[in-house]
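Visitor: This structure is in structure tokens; I'll ask about it shortly.
The values are calculated or read from the model by the stated rules, or taken from the named source; none is laboratory data. A quick note: this is a predicted structure, and the numbers were derived from the prediction, not measured. Here the Cβ positions follow ideal geometry from the backbone for every residue, glycine too, while neighbour counts run over all protein chains shown.
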Amino acid sequence: MLGTNLLKHQSKPERVADQAWEHLTNVVNSAGDSVRHAARDTARSARQTSSHLTSQAGDRVGAVTDEAWQRANRAYDALAGRRPGLPWAWLVGAGLVGAALAWAATTASRAALARAERELPASDRLEYVDVDRADTPVRLDTT
């Protein structure tokens with residue numbers, strides 16, 4: 001009751017000031033909550049982005065480090081007078097590819113020759129006669 005009597009006895013400017021103060025405190029509190037939520041979301045996003053960037057940088061550094069070690073080892077071997085080994089995997093691979101291509105070419109050429117021989121008429125075909133044998137139907141006069 002005491003509070004209600006005091007509020008009734010306030011002048012209009014005092015009541016407006018009290019209402020404005022309450023409104024201002026409510027706005028500031030809600031803005032603080034939204035700023036805290038936004039800051040939390042921004043921090044989470046920044047943490048995820050930085051984690052992703054760190055992972056990418058680690059991958060790049062790892063690849064560069066590996067290449068640097070390989071180059072350093074090759075340089076050390078060259079300075080020590082050791083020759084680099086032959087790339088046997090590439091050589092064997094090239095040999096296998098060459099063998100496969102040669103097999104494919106010979107198979108294709110044999111098939112083409114067989115097909116061409118089948119398509120020739122009988123009159124165009126050549127017959128081979130062995131003249132050194134006595135039972136051949138063709139006799140050659142050598143006198």
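Visitor: Could you pull out the residue among W90, W21 that is surrounded by 10 or more Cβ atoms within 10 Å (Cβ to Cβ), aromatic (F, W, Y) and part of a helix (DSSP H, G or I)?
Guide: Working: W90 fails: surrounded by 10 or more Cβ atoms within 10 Å (Cβ to Cβ).
None of the others qualify; the one that does is W21.
Visitor: How many residues are modelled with pLDDT of 80 or more and of a type in the set (S, T, N, Q) if we restrict to the stretch 15-42?
Guide: 3
Visitor: Within the stretch 1-14, restricting attention to residues that are part of a helix (DSSP H, G or I) and at pLDDT 70 or above, which residue is surrounded by the most Cβ atoms within 10 Å (Cβ to Cβ)?
Guide: First pass over the stretch 1-14, keeping only residues part of a helix (DSSP H, G or I): 2-8, 12-14.
The next check asks that each one be at pLDDT 70 or above; those that pass are 12-14.
Numbers: K12: 7, P13: 8, E14: 11.
My answer is E14.
Visitor: Now for a separate question. Is it true that A114 is at pLDDT 95 or above and either of a type in the set (A, V, I, L, M, F, W, C) or surrounded by 10 or more Cβ atoms within 10 Å (Cβ to Cβ) (or both)?
Guide: Considered against the rule, which asks whether it is at pLDDT 95 or above and either of a type in the set (A, V, I, L, M, F, W, C) or surrounded by 10 or more Cβ atoms within 10 Å (Cβ to Cβ) (or both), A114 comes out as no.
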